[in-house]
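Here is the structure we will look at, set down as structure tokens.
The values are calculated or read from the model by the stated rules, or taken from the named source; none is laboratory data. This one's a predicted model, so the numbers in the text were calculated from it and none came from an experiment. Because the Cβ atoms are built from the backbone with ideal geometry, glycine has one as well, and the counts that use them run over all protein chains shown. Each accessible area value is taken on the protein alone, full model and side chains, heavy atoms only, with ligands, DNA and RNA left out. Shrake-Rupley method; radii C 1.70, N 1.55, O 1.52, S 1.80 Å.
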Amino acid sequence: MNQVLRGLVNNNQGCRNDYVMHRIQYIIQYSIAYTIARKCDISIKKVFKKYHAELIYSYMNDRGKAKTIRLALYPSFKRDKTFFPQWNNKIKKTVEYKYRDTNPLKRNCYICGNPQHHVMFHRKRISSLHMPYSNIIKEMIRINRRQICLCRECFIKVSQNLLEFNQITKRKLT
Ligand SMILES: [Zn+2]
């Protein structure tokens, strides 16, 4: 019963109709109380007097060990005012990308390290490329990339193959 109650309550935490949970707890509590009342042939009032609201029940288990069970009543079903704000804050926090690869345009220019005005330079499949390769294509093949993040200046330069191969490969890490 406690598992059922806990499961129901935990699942519904933060829900608008949490007060309904109070009702459900009440139903569970009373259904147990009624069962006891019928079994012992006593009134509900007496059940709660004898076993308290939590319906504490002591018994011996199979191994002769004394056990006590009680209904794990939730004392309050007031809406947890911190529940939604907490989640809200978590959602609003800016996410630090561990793998910056997920957003290639956030990276610096591959050649000069310029952190702004990024464009993607794409290359065709190797089978569709014609020799001789431009220097940027050579480099992209070397690092096995189909696209590379560049600033606008470098993009124009490499498009016209104005940069030497070693100017491209000596990337400036910032
Ligand atoms: Zn650049």
Descending packing, highest mean Cβ count within 10 Å first, for 151-157, 62-68 is 151-157, 62-68
Between E153 and N89, what's the calculated FRET efficiency when r is the beta-carbon distance and R0 is 30 Å? Round to 0.05. 0.15
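On a full-extension model of 0.36 nm per residue, what is the gain between K45 and M120, subtracting their alpha-carbon distance, rounded to one decimal in nm?
19.3 nm
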Per residue solvent-accessible surface (Å²) - segment 104-173, probe of 1.4 Å: 67 Å²
Over segment 22-72, with neighbouring protein chains present, the accessible area per residue in Å² at probe 1.4 Å is 79 Å²
